[in-house]
Structure formats: C-alpha cells, structure tokens
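Take a look at the structure below.
The values are calculated or read from the model by the stated rules, or taken from the named source; none is laboratory data. Quick caveat, the model's predicted, so the values are computed rather than measured. With ideal geometry, Cβ positions are generated from the backbone for all residues, glycine too; neighbour counts draw on all protein chains shown. Please note that ligands, DNA and RNA were not included when accessible areas were found on the heavy atoms of the full protein model with its side chains. Shrake-Rupley method; radii C 1.70, N 1.55, O 1.52, S 1.80 Å.
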Amino acid sequence: MRLLLKILGGALLLGVLLLLVFLIPAHLQIRSVEPGVPTRPELRELLGASDGPVRLRYVNTSSQRLPTGELGHTVFVVEWANGDLFMIDAGMDVPTAIKFGRLVETTLGAGEATSHGTISDLLGEAVARVEGVAFTHLHIDHTQGIVPFCAARGKGATLFQTTWQTDLQNFNTTEAEEIIESSCLSRNGIGSEGLISVDGFPGLGVAALGGHSPGSTLFAIAVGGHLWILSGDIANSKADLVSDTGKGFLYSYVMVPENTGRTEMLRGWLTGLDAESDMTVLVAHDLTDIRESGLAEYQR
Ligand SMILES: [Zn+2]
C-alpha cells in the first residue's frame, strides 16, 4: 500500500514538473512583451486622415450560444473609397469551426457551434479586393480561415504583422504560424513601437499589445469621425472587460499562458477608451456586443 502511494506520488510530481517545464518558457516569453500603449491624441490623429476608410463591417463565420449571450468567430472588413479591403482575422473553415466549438463547449459551457461558412464563401467576389490582411493574434480560431481565403484569392494580398507577432511563438501559436508561412500571403513587418500606420491604408492604426499572446495586436479604425478599436481576445466578453474580470487560473496559467498583470492593465485602459464618446472598443468573440454596437454585418 505504501509502495503504491509512493508510485502514485512520484507520478504526480513528475506530471507537475513536466507541466512546469512546458509552461514556464511560455510565461517568461509573454512577460517580455510590455510595449507602451497609444495615447488618446495619437489614436484621434487617425480621425484626421485624408482618404480614410469609408466603412467597417463584421462577418460572423461561426457562432455558439453562451449562458450570457452569443460567442462568435468574427472577421472585420475595412473598406476604402477605391474599393480596397483590409481583413482583420480569418475565422475557420467548417470542420475546424465545429472541432474548435467542442473545446468552447467544455471550457466555457457554450452550446453547439454553427459554422456559417468560410470567410471566402461569406465575402464572395469581394475576396479579390482584399489587399491587406492582419491578425489580432495567431490562435487557430482567428487564422485557419486563411486556407480557404487563399484558395479563393490566390496571391496578391499582403499580411501586416508586428515584430512580436512574427518572431514570438508558443505552443498555442506554432500551428497558425505554419499555416501562414505556407499561405498565399506575402508578409510585411511593421515594427512594434507605438501606434503604427500602414502604407496604403490611411486611417488604420496598429499597436502591439501582448497580454493574451505574445503577438496580440490592436487595430484602430477611423470611420466617419468615430474610432473603432478591435481588442482581439484581451477579454472574452465586453462585460468581462468593463467589469475587470480575468479568465481564471486554469485558462491564464495552463491552457493559454497569459501575462495577467498586462491583461489587467489593458482591461482598464480599453474600458477608459470605450467610455469616450468618439470611441467604441470591440471584443473579438462577443457577437452580442458587436451587434449592439451598431456596426453593420457584411452582406454579400
Ligand atoms: Zn479567440
């Protein structure tokens, strides 16, 4: 009996040690990403851009019911007067969306996932006008849809990434990094400092965030005097963002190594921006809040 206890105890200790060896590098890495965040005047400068975007719309690629609302895998599409489109995130293809949905069922108590189609299906012919692409971060639920996107688009679109999103990977981002590397996108590095403007896409601002993943990135889009701020997965819902609620120990320390001090700071900062009358902060997965924000859904 004592021998059995010793064996079980040893196995448990070994398991914990292996988990730590696996997790510690990812935690150290994400704690190295702590850039300064853009100021309000810097963000508002986007509103003065000449030839800025004429509209911003969202695409709901797949969704599932939560006890508190509806979780969606959204893609944001920015459009300029010359017809150019810039796509932020890519959702997933149908089998990946269903498979990923099961994970959300177990972790967040969501209902069954419904896929509404790939981003290329949902964009239709407009896929050919997508000149710029970016990702809020390199998790599979935001990136895998680039496979069907490329099948429809072919070469011609440029991927804009911060240095951290290009260079720093962990066990949650390597699969997406491989998908991107073998995709149709040509990569363009935009650095990691301050509020970054993107050549050819006036009125769009990009800022490195970290916190949720080493390459987590914010996008600010000025349309018609209003600033839309895409915060990716810094929080899982708008309610969690404004009530300053974290994602819990198991999520932030084991499943998705996060810099929780950083995500806490970002929640406060983003809540402050959202309180400004000319700014709205959107949370990538909060479909209910995105609908209530007044943003139009993309229609083919
Ligand atoms: Zn996500």
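Values for this structure:
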| read-out | value |
| --- | --- |
| Top-ranked residue in region 230-242 [being open to solvent by less than 20 Å² (accessible area, probe 1.4 Å), of a type outside the set (V, I, T) and not in a helix (DSSP H, G or I); ranked as nearest to the ligand (Cβ to nearest atom)] | D233 |
| Condition check for T39: exposed (fewer than 14 other Cβ atoms within 10 Å of the Cβ) and within 25 Å of the chain's Cα centre (by Cα) | yes |
| Every residue from region 131-160 that is buried (at least 24 other Cβ atoms within 10 Å of the Cβ) and away from the ligand (no atom under 16 Å from the Cβ) | V133, F149, F160 |
| Residue identified as assigned to a strand (DSSP E or B) and at pLDDT 95 or above among F201, F219 | F219 |
| Those residues of region 267-298 which are polar (S, T, N, Q), over 12 Å from I229 (Cα atoms) and touching a residue at least 40 places away in the same chain (Cβ under 8 Å), in sequence order | T288 |
| Unique match (being under 30 Å from L28 (Cβ atoms) and among the hydroxyl-bearing types (S, T, Y)) among T158, T114, T173 | T173 |
| Evaluation of G72 against (1) closer than 18 Å to A208 by Cβ; (2) touching a helix residue (DSSP H, G or I) at 6+ places or on another chain (Cβ under 9 Å) (one fails), failing number | (1) |
| In region 186-219, residue surrounded by the most Cβ atoms within 10 Å (Cβ to Cβ) [restricted to those that are of a type in the set (S, T, N, Q) and within 19 Å of the chain's Cα centre (by Cα)] | S213 |
| Flag if S183 is part of a loop (DSSP other than H, G, I, E, B), surrounded by 17 or more Cβ atoms within 10 Å (Cβ to Cβ), modelled with pLDDT of 95 or more and among the hydroxyl-bearing types (S, T, Y) | yes |
| Verdict on T245 being open to solvent by 20 Å² or more (accessible area, probe 1.4 Å), more than 15 Å from the ligand (Cβ to nearest atom), assigned to a helix (DSSP H, G or I) and polar (S, T, N, Q) | no |
| Residue within region 102-121 that is more than 16 Å from the ligand (Cβ to nearest atom), within 18 Å of the chain's Cα centre (by Cα), part of a strand (DSSP E or B) and within 17 Å of C184 (Cβ to Cβ) present | no |
| Pair list, Cβ < 8 Å and 6+ apart or interchain, from region 127-139 residues that are touching a residue at least 24 places away in the same chain (Cβ under 8 Å) to residues that are away from the ligand (no atom under 16 Å from the Cβ) and of a type in the set (K, R) | V127/R153; A128/R153; V130/R153 |
| Residue match in region 257-274 (condition: open to solvent by less than 40 Å² (accessible area, probe 1.4 Å), assigned to a strand (DSSP E or B), modelled with pLDDT of 95 or more and more than 16 Å from the ligand (Cβ to nearest atom)) | no |
